[in-house]
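The values are calculated or read from the model by the stated rules, or taken from the named source; none is laboratory data. The shown structure was predicted, so the numbers you read here are calculated from the model rather than taken from an experiment. Reconstructed Cβ throughout: ideal geometry from the backbone, glycine too, with neighbour counts over all protein chains shown.
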Amino acid sequence: MFPVPNLQPNTLHLCHPMIFSHRDKDRAYNFIFNKFFAKFSTLKANKLNHAGQLKYIKSVLSSIPIYYMSTVLFSKAFIEKINSITRRFWWAGVQEENQTNPIAYRSWDDICKPIEHGGLGTKDMELVNQSRIIHCAWNIATNKNPLLSAILKAKYHPSASFWNAPNSGPRSMFWSSVLQVRHHLNSNAIYQIHNGNSSIWSQPWCPIWNNVHEHLILPIVNSPLLAKVSDLWVPETQNWNHQLLSTTFNDQAVQAIETTPIVASNCNDILRWTPVKDGLCTTKSAYAYLSHQQVHHLLSQGAQSLTDDANKISHKVWKSKSIPPILKTFAWRLIRRALATGERAGRYSVHIDVDGS
């Protein structure tokens with residue numbers, strides 16, 4: 001009756017596979033690896049020096065999986081395979097014949113560190129993937145696309161809010177990915193109280209929102225049951241009703257609620273991303289947050305060591321606009337001991353003028 005063709009296992013919609021199991025998720029996206037190899041075949045990548053390879057990694061290779069990472073949270077094994085392709089290209093370029101495993105003089109985590117921490121500033125693809133899914137979750141929480149938010153709610157959490165939607169039950173790959181990063185929003189997003197339309201029981205509006213039920217004084221005598229934050233105010237004002245709070249919650253909750261600031265405004269409460277001043281969660285701010293969660297220690301001893309003075313020199317070299325990129329990458333490899341030299345080759349004394357002279 002309807003001219004709808006049967007979907008085959010390899011059917012794509014908007015470049016995404018349509019039919020596959022969660023167990024075969026990584027296998028369904030193996031075509032992404034072919035996109036990397038296609039880029040190598042269309043460019044004489046083995047003719048590039050390390051500066052050109054670094055530029056190519058940041059501008060071309062890192063952008064290949066971005067579209068897919070915006071809706072699917074890939075496994076660590078899948079992302080490690082992407083990293084291995086990029087890592088091999090960085091250390092050895094494109095090997096058309098007699099391929100061998102290149103010697104990696106520095107770990108890939110070392111290279112992905114920010115320049116100020118002794119790295120090359122390449123993007124960590126795992127954090128890129130997480131940051132893009134966090135941004136998707138933010139768009140759902142802020143109802144940026146009302147139709148999408150309504151469909152997801154009707155299908156996956158009809159009787160709950162986005163913040164306490166259940167993790168169990170059947171779910172799409174996209175919704176599963178969102179649930180896996182939702183804890184970042186739970187701990188770093190909070191509603192800025194304006195007219196108090198936020199739910200007391202199912203939205204982040206105060207420090208104890210996720211377990212506010214545990215602070216109730218039983219039995220509950222208030223009728224009707226409190227629902228919105230504005231119900232906790234003195235009528236016709238935006239001041240906390242201390243007497244109502246004291247008869248509803250214990251002392252710990254009362255103190256936490258009364259220290260929650262209120263903005264004198266009639267607009268709806270606004271969700272804020274606390275790691276940044278403007279309160280907006282973007283892929284950039286989410287990536288910066290995730291990156292800052294990783295501890296970057298500069299070892300002072302051993303083969304992986306980098307002294308503060310050497311790190312300052314490296315940072316100044318990268319900031320200089322007059323030094324050619326090829327010298328910048330060479331300086332980094334020299335400072336980070338990422339050159340094919342040994343003790344028998346003797347010691348090199350190199351002077352680099354950060355002014356480019």
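To keep it simple, each residue is scored yes or no on (1) of a type in the set (Asp, Glu); (2) part of a loop (DSSP other than H, G, I, E, B); (3) more than 23 Å from residue 187 (Cβ to Cβ).
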| site | (1), (2), (3) |
| --- | --- |
| 207 | no, yes, no |
| 219 | no, yes, yes |
| 225 | no, yes, yes |
| 246 | no, no, yes |
| 253 | no, no, no |
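Please tell me if residue 141 is out of contact with any strand residue (DSSP E or B) (no Cβ under 8 Å at 6 or more places or on another chain), outside the structural domain of residue 232 (by TED's automatic domain parsing) and among the hydrophobic types (A, V, I, L, M, F, W, C). No: the conditions fail for residue 141. When residues in the range 164-182 are screened for being at pLDDT below 95 and farther than 18 Å from residue 68 by Cβ, 8 of them pass. Of all residues in the range 269-279, those satisfying the criterion of being surrounded by 12 or more Cβ atoms within 10 Å (Cβ to Cβ) and not aliphatic (A, V, I, L, M) are 269, 272, 273, 274, 275, 279.
Against the list (1) part of a helix (DSSP H, G or I); (2) in contact (Cβ under 8 Å) with a residue 60 or more places away in the chain, the condition residue 179 fails is (2). Given the options 345, 340, name the one that is exposed (fewer than 12 other Cβ atoms within 10 Å of the Cβ), among the hydrophobic types (A, V, I, L, M, F, W, C), at pLDDT below 80 and under 24 Å from residue 112 (Cβ atoms). Checking each option against the conditions leaves just 340.
It is to be established whether one or more residues within the range 82-101 are modelled with pLDDT of 85 or more, more than 29 Å from residue 323 (Cα to Cα) and buried (at least 20 other Cβ atoms within 10 Å of the Cβ). Looking through the range 82-101, at least one residue is modelled with pLDDT of 85 or more, more than 29 Å from residue 323 (Cα to Cα) and buried (at least 20 other Cβ atoms within 10 Å of the Cβ). Taking the criterion of being surrounded by fewer than 20 Cβ atoms within 10 Å (Cβ to Cβ), among the basic types (Lys, Arg) and assigned to a helix (DSSP H, G or I), the residues of the range 115-157 that qualify are 153, 155.
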